[in-house]
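As C-alpha coordinates, the structure follows; a few thoughts come after it.
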Amino acid sequence: MRKDQGVSLIEVLLTSFILTVVLLAVAMSMGAGIYSMFFTQEQLIAKQKAREALESVFTARSTQNVTWDEIRNASADGIFVDGFLEIREMGDDGIANTADDAEDVLETLRFPGPDGDLGTEDDEARPLFNFQRRITISNVMVDEDTVDADIRLITVDVRFQIRGVWHTITVNSYISRFA
(Lines give C-alpha, C1' and ligand atoms only; values in the text may rest on other atoms or scores of the structure.)
Protein backbone atom coordinates (compact mmCIF):
# COMPACT_ATOMS: atom_id res chain seq x y z
CA MET A 1 0.00 0.00 0.00
CA ARG A 2 1.37 3.38 -1.05
CA LYS A 3 1.01 6.43 1.11
CA ASP A 4 0.27 9.78 -0.54
CA GLN A 5 2.76 12.32 0.65
CA GLY A 6 2.47 16.09 0.28
CA VAL A 7 4.88 18.90 0.91
CA SER A 8 5.79 19.27 4.53
CA LEU A 9 5.70 22.55 6.40
CA ILE A 10 9.49 22.54 6.78
CA GLU A 11 9.94 22.25 3.00
CA VAL A 12 7.58 25.18 2.44
CA LEU A 13 9.42 27.30 5.01
CA LEU A 14 12.82 26.43 3.54
CA THR A 15 11.64 27.27 0.00
CA SER A 16 10.14 30.55 1.22
CA PHE A 17 13.40 31.46 2.96
CA ILE A 18 15.49 30.76 -0.17
CA LEU A 19 13.07 32.73 -2.34
CA THR A 20 13.20 35.67 0.10
CA VAL A 21 17.02 35.69 0.07
CA VAL A 22 17.09 35.65 -3.74
CA LEU A 23 14.54 38.47 -4.00
CA LEU A 24 16.48 40.58 -1.47
CA ALA A 25 19.68 40.05 -3.46
CA VAL A 26 17.93 41.19 -6.64
CA ALA A 27 16.51 44.26 -4.86
CA MET A 28 19.93 45.17 -3.44
CA SER A 29 21.60 44.87 -6.84
CA MET A 30 18.93 47.14 -8.32
CA GLY A 31 19.61 49.68 -5.57
CA ALA A 32 23.34 49.48 -6.21
CA GLY A 33 22.72 49.97 -9.93
CA ILE A 34 20.61 53.08 -9.32
CA TYR A 35 23.28 54.50 -6.99
CA SER A 36 25.97 53.73 -9.56
CA MET A 37 24.00 55.49 -12.27
CA PHE A 38 23.53 58.59 -10.08
CA PHE A 39 27.22 58.55 -9.05
CA THR A 40 28.31 58.29 -12.68
CA GLN A 41 26.15 61.28 -13.61
CA GLU A 42 27.64 63.39 -10.81
CA GLN A 43 31.13 62.24 -11.77
CA LEU A 44 30.55 63.25 -15.39
CA ILE A 45 29.38 66.72 -14.31
CA ALA A 46 32.47 67.08 -12.09
CA LYS A 47 34.81 66.09 -14.94
CA GLN A 48 33.15 68.55 -17.29
CA LYS A 49 33.37 71.40 -14.76
CA ALA A 50 37.07 70.63 -14.16
CA ARG A 51 37.82 70.64 -17.90
CA GLU A 52 35.77 73.81 -18.35
CA ALA A 53 37.81 75.61 -15.68
CA LEU A 54 41.07 74.42 -17.23
CA GLU A 55 39.94 75.62 -20.64
CA SER A 56 39.03 79.04 -19.23
CA VAL A 57 42.62 79.47 -18.04
CA PHE A 58 44.07 78.47 -21.42
CA THR A 59 41.66 80.76 -23.26
CA ALA A 60 42.52 83.72 -21.02
CA ARG A 61 46.24 83.12 -21.58
CA SER A 62 45.85 82.69 -25.34
CA THR A 63 43.71 85.81 -25.76
CA GLN A 64 46.04 87.72 -23.43
CA ASN A 65 43.19 88.68 -21.08
CA VAL A 66 45.58 87.92 -18.23
CA THR A 67 49.32 88.23 -17.92
CA TRP A 68 51.63 85.33 -17.18
CA ASP A 69 52.27 86.71 -13.69
CA GLU A 70 48.52 86.68 -12.95
CA ILE A 71 48.26 82.95 -13.64
CA ARG A 72 48.93 82.06 -10.02
CA ASN A 73 46.92 81.54 -6.88
CA ALA A 74 46.01 84.60 -4.80
CA SER A 75 48.48 83.50 -2.10
CA ALA A 76 51.23 83.95 -4.74
CA ASP A 77 49.87 87.32 -5.98
CA GLY A 78 47.80 85.81 -8.77
CA ILE A 79 44.10 85.97 -9.64
CA PHE A 80 42.94 82.45 -8.65
CA VAL A 81 41.24 82.20 -5.28
CA ASP A 82 42.82 79.63 -2.97
CA GLY A 83 40.85 76.65 -1.69
CA PHE A 84 37.58 75.03 -2.64
CA LEU A 85 34.73 77.30 -3.73
CA GLU A 86 31.17 76.56 -4.72
CA ILE A 87 30.89 76.45 -8.49
CA ARG A 88 29.48 79.86 -9.38
CA GLU A 89 28.84 81.67 -12.63
CA MET A 90 32.06 83.08 -14.08
CA GLY A 91 32.56 86.81 -13.81
CA ASP A 92 33.42 89.36 -16.48
CA ASP A 93 36.90 87.92 -17.03
CA GLY A 94 35.42 84.53 -18.06
CA ILE A 95 37.84 82.64 -15.84
CA ALA A 96 36.70 80.18 -13.19
CA ASN A 97 37.57 80.62 -9.50
CA THR A 98 38.65 84.24 -9.64
CA ALA A 99 37.56 87.07 -7.35
CA ASP A 100 35.02 88.46 -9.84
CA ASP A 101 32.90 85.28 -9.98
CA ALA A 102 29.25 85.75 -9.04
CA GLU A 103 28.79 85.83 -5.28
CA ASP A 104 25.20 84.69 -4.99
CA VAL A 105 24.51 82.77 -8.21
CA LEU A 106 25.41 79.09 -8.24
CA GLU A 107 26.08 77.68 -11.66
CA THR A 108 23.02 75.87 -12.99
CA LEU A 109 22.63 72.99 -15.41
CA ARG A 110 19.58 72.96 -17.65
CA PHE A 111 17.82 69.75 -18.58
CA PRO A 112 14.96 69.24 -21.05
CA GLY A 113 11.55 69.30 -19.40
CA PRO A 114 8.59 66.96 -19.99
CA ASP A 115 8.41 67.90 -23.68
CA GLY A 116 11.94 66.53 -24.21
CA ASP A 117 13.19 69.71 -25.91
CA LEU A 118 15.98 71.81 -24.44
CA GLY A 119 15.44 75.57 -24.64
CA THR A 120 11.72 75.63 -24.00
CA GLU A 121 9.76 77.02 -21.07
CA ASP A 122 9.42 73.69 -19.29
CA ASP A 123 13.20 73.10 -18.95
CA GLU A 124 14.40 72.04 -15.52
CA ALA A 125 17.21 73.98 -13.84
CA ARG A 126 19.51 72.17 -11.43
CA PRO A 127 21.83 74.35 -9.31
CA LEU A 128 25.20 72.74 -8.55
CA PHE A 129 24.97 73.19 -4.78
CA ASN A 130 26.80 69.93 -3.97
CA PHE A 131 29.83 70.79 -6.12
CA GLN A 132 33.00 72.69 -5.23
CA ARG A 133 36.05 73.53 -7.34
CA ARG A 134 39.67 74.38 -6.54
CA ILE A 135 42.32 75.56 -8.99
CA THR A 136 45.92 75.21 -7.87
CA ILE A 137 48.78 76.70 -9.89
CA SER A 138 52.20 75.23 -9.07
CA ASN A 139 55.70 75.95 -10.25
CA VAL A 140 57.51 73.30 -12.29
CA MET A 141 61.04 72.53 -11.22
CA VAL A 142 63.84 72.12 -13.79
CA ASP A 143 66.03 70.54 -11.14
CA GLU A 144 66.04 70.55 -7.35
CA ASP A 145 66.91 74.25 -7.08
CA THR A 146 65.60 75.87 -10.26
CA VAL A 147 62.03 76.85 -11.10
CA ASP A 148 61.07 76.77 -14.78
CA ALA A 149 59.92 80.34 -15.42
CA ASP A 150 57.97 79.41 -18.56
CA ILE A 151 55.84 76.43 -17.41
CA ARG A 152 53.35 75.94 -14.58
CA LEU A 153 51.23 73.02 -13.48
CA ILE A 154 47.48 73.62 -13.22
CA THR A 155 45.51 71.23 -11.03
CA VAL A 156 41.73 71.51 -11.03
CA ASP A 157 39.91 69.54 -8.34
CA VAL A 158 36.12 69.30 -8.42
CA ARG A 159 34.46 67.57 -5.54
CA PHE A 160 30.86 66.58 -5.13
CA GLN A 161 28.91 65.22 -2.22
CA ILE A 162 26.68 62.16 -2.25
CA ARG A 163 25.08 60.91 0.96
CA GLY A 164 27.43 63.06 3.04
CA VAL A 165 30.60 61.69 1.40
CA TRP A 166 32.84 63.90 -0.77
CA HIS A 167 34.20 62.45 -4.02
CA THR A 168 36.93 64.31 -5.94
CA ILE A 169 37.80 64.44 -9.63
CA THR A 170 41.21 65.88 -10.55
CA VAL A 171 42.40 67.20 -13.92
CA ASN A 172 46.02 68.26 -14.42
CA SER A 173 47.71 70.11 -17.24
CA TYR A 174 50.78 72.18 -17.91
CA ILE A 175 50.53 75.70 -19.20
CA SER A 176 53.33 77.64 -20.80
CA ARG A 177 53.98 81.33 -21.02
CA PHE A 178 53.72 81.07 -24.80
CA ALA A 179 50.34 80.70 -26.50
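Would you say Thr63 is hydroxyl-bearing (Ser, Thr, Tyr), at pLDDT below 95 and touching a Gly at 6+ places or on another chain (Cβ under 7 Å)?
Numbers: hydroxyl-bearing (Ser, Thr, Tyr): yes; at pLDDT below 95: yes; touching a Gly at 6+ places or on another chain (Cβ under 7 Å): no.
No; evaluated as a whole, the condition is false for this residue.
Put simply, of Gly83, Gly94 the only residue that is of a type outside the set (S, T, N, Q), at pLDDT below 90 and on the phi > 0 side of the Ramachandran plot is Gly94. Right, Asp122: of a type in the set (Asp, Glu), within 25 Å of Gln41 (Cα to Cα), touching a Gly at 6+ places or on another chain (Cβ under 9 Å) and assigned to a loop (DSSP other than H, G, I, E, B) or not? The answer is yes for Asp122.
So, in the range 83-114, of the ones that are of a type in the set (D, E, K, R), under 15 Å from Val158 (Cβ atoms) and assigned to a loop (DSSP other than H, G, I, E, B), which residue ends up nearest to the chain's Cα centre (by Cα)? First the steps, then the outcome.
Here is the first cut: in the range 83-114, the ones of a type in the set (D, E, K, R) are 86, 88-89, 92-93, 100-101, 103-104, 107, 110.
This time we only want the ones that are under 15 Å from Val158 (Cβ atoms), so: 86, 88, 101, 107.
Those left that are additionally assigned to a loop (DSSP other than H, G, I, E, B): 101, 107.
Details: Asp101: 19, Glu107: 13 Å.
It comes out as Glu107.
In the range 149-157 there is no residue that is touching a Phe, Trp or Tyr at 6+ places or on another chain (Cβ under 9 Å) and at pLDDT below 90.
Name the residue that is nearest to Leu54 (Cα to Cα), counting only residues in the range 152-163 that are within 15 Å of the chain's Cα centre (by Cα) and without any contact (Cβ under 8 Å) to a residue 40 or more places away in the chain.
Of the range 152-163, the ones within 15 Å of the chain's Cα centre (by Cα) are 155-163.
Filter once more, so that each one left must be without any contact (Cβ under 8 Å) to a residue 40 or more places away in the chain: 155, 161, 163.
Numbers: Thr155: 8, Gln161: 21, Arg163: 28 Å.
In this case the residue turns out to be Thr155.
I'm trying to understand the selection: among the residues of the range 93-130, which are within 30 Å of Gln64 (Cα to Cα) and of a type in the set (Gly, Ala, Ser)? Working first, answer last.
Going residue by residue through the range 93-130, those that are within 30 Å of Gln64 (Cα to Cα) are 93-109, 128.
Those that are within 30 Å of Gln64 (Cα to Cα) and of a type in the set (Gly, Ala, Ser): Gly94, Ala96, Ala99, Ala102.
Taken over the range 69-82, the criterion of being surrounded by fewer than 16 Cβ atoms within 10 Å (Cβ to Cβ) and either of a type in the set (Ser, Thr, Tyr) or more than 19 Å from the chain's Cα centre (by Cα) (or both) is satisfied by Asp69, Ala74, Ser75, Ala76, Asp77.
The values are calculated or read from the model by the stated rules, or taken from the named source; none is laboratory data. Values in this document were obtained by computation on a predicted structure and should not be read as measured data. With ideal geometry, Cβ positions are generated from the backbone for all residues, glycine too; neighbour counts draw on all protein chains shown.
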